[in-house]
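Structure record follows, encoded as structure tokens.
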């Protein structure tokens with residue numbers, strides 16, 4: 001009789017524990033951590049704190065070094081954002097030519113990288129055999145390891161002459177935004193492909209099987225079920241690629257052109273924000289001069305552009321994220 005009572009009590013306790021876990025009471029796993037796990041947890045916390053303070057330190061330095069430009073009586077935030085002439089020595093702080101060239105080259109790069117990267121990701125995730133995926137994905141990711149200066153010389157010495165011979169030297173300048181954007185698109189291709197392929201592979205197999213069971217073809221399943229289900233990850237990959245393109249330096253410094261030039265013609269030369277920083281910082285600039293400090297306000301503008309892209313990426317992920325049980 002006592003054995004039966006003990007068994008009944010154990011069953012009741014087990015049933016209560018299952019019910020508590022079912023209503024969402026998570027067990028306290030932190031009390032079961034081993035000493036080694038505590039060390040790992042502390043190291044991860046320290047890394048997070050260091051990354052946060054590093055970002056704040058960069059932002060502090062950018063604001064501090066930009067004070068000379070911001071306090072200039074000729075500086076105006078409206079003229080800074082809409083002006084078409086960037087000559088700090090002449091007190092003309094129109095950053096629009098640099099921003100326009102940056103966005104133009106990034107747009108061209110994304111027009112190349114998005115269709116090719118998404119197509120490659122869909123093939124690797126949905127159509128390629130395991131053996132083909134194991135061979136092709138590392139080959140594709142080798143592009144991410146090529147130094148950007150190599151891409152820059154390739155754009156300058158190969159792509160740009162090809163475009164000039166195709167369209168005419170009178171139409172296309174030797175340094176132009178088109179050749180820089182095209183090569184930059186292939187540079188960010190592995191990033192978009194890898195992140196998109198991970199998002200597509202994370203879609204549960206049950207969704208694919210349910211779609212096929214309803215009579216859908218492989219292509220219909222991919223385009224109408226898998227891709228929409230992985231939309232948040234795919235969009236995040238696109239925004240990550242844009243951020244990578246906006247911050248690219250050596251390709252645009254070598255192939256896009258030198259000197260701020262306000263133009264929307266991709267066949268003309270124009271200088272991006274990163275290219276301008278490289279060209280000016282390599283010269284003989286005196287410390288704390290107006291030209292020297294103007295580089296920091298350009299860096300501050302790049303920081304806010306990248307921050308805006310990250311905020312948009314997080315908003316898109318929260319809006320379209322799908323959670324599967």
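Only the coordinates and a few stated rules stand behind these numbers; no lab work does. Note that the structure is predicted; figures quoted are calculated from it, not measured. FYI the Cβ positions are ideal-geometry reconstructions off the backbone, even for glycines, and counts take in every protein chain you see.
What ranking, highest mean first, results for peptides 224-233, 300-309 when packing means the other Cβ atoms within 10 Å averaged over each residue? Don't skip to the answer; put the middle values down first.
Details: 224-233: 18.5, 300-309: 16.0.
Going by the mean number of other Cβ atoms within 10 Å, highest first, we get 224-233, 300-309.
Sorting 167, 295 from the fewest to the most surrounding beta carbons within 10 angstrom yields 167, 295. Coordinate range of the alpha-carbon atoms in the chain per principal axis, descending: 99, 51, 35 Å. Rg/Rh for segment 157-210 stands at 1.37; both radii use Cα atoms, and Rh follows the Kirkwood definition.
Compactness of segment 123-198 is given as radius of gyration and Dmax, 15.9, 50 Å, from Cα positions. With the highest mean first, a sort of the peptides 104-112, 266-274, 46-54 on other beta-carbon atoms found within 10 angstrom per residue produces 266-274, 104-112, 46-54. Which of rounded, prolate, oblate describes segment 219-270, given a ≥ b ≥ c as roots of the alpha-carbon gyration tensor eigenvalues and a/c under 1.5 marking rounded, otherwise prolate only if a/b is larger than b/c? It is prolate, given that a/c is not under 1.5 and a/b is the larger ratio.
P(r) tail for segment 129-170: Cα pairs beyond 16 Å make up 58% of the total.
For segment 211-301, rounded, prolate or oblate, judged on the Cα gyration tensor with a ≥ b ≥ c (square roots of eigenvalues), a/c < 1.5 rounded, else prolate if a/b > b/c? Taking the square roots of the gyration eigenvalues as a ≥ b ≥ c, segment 211-301 is prolate. As a calculated quantity, the FRET efficiency between residue 82 and residue 141 at R0 = 30 Å, using C-beta atoms, amounts to about 0.15. Residue 307 to residue 116: FRET efficiency via 1/(1 + (r/R0)^6), r the Cβ-Cβ distance, R0 25 Å, to the nearest 0.05? Here the calculated transfer efficiency is 0.35.
Length gained on full extension, residue 37 to residue 91: 13.7 nm, using 0.36 nm per residue less the C-alpha separation. With N the number of residues in segment 74-232, Rg(Cα) / (2.2 N^0.38 Å) evaluates to 1.42.
Just to be sure I understand: with springs between alpha-carbon atoms less than 10 Å apart, which residue in 73, 169, 204 has the highest mean-square fluctuation in the Gaussian network model of the chain? Among 73, 169, 204, the largest mean-square fluctuation in the Gaussian network model of the chain belongs to 73.
So how much slack lies between residue 170 and residue 127, counting 0.36 nm per residue of separation and subtracting their Cα-Cα distance, in nm? Don't skip to the end; give the middle numbers.
Details: separation 43, 0.36 × 43 = 15.48 nm, distance 4.51 nm.
Length gained between residue 170 and residue 127: 11.0 nm.
Look at the Cα gyration tensor of segment 37-116: its axes a ≥ b ≥ c give a/c of at least 1.5 with a/b at or below b/c, and that counts as oblate. When each of the peptides 142-153, 245-256 is scored by how many other beta carbons lie within 10 Å of its residues on average, the order from highest to lowest is 245-256, 142-153.
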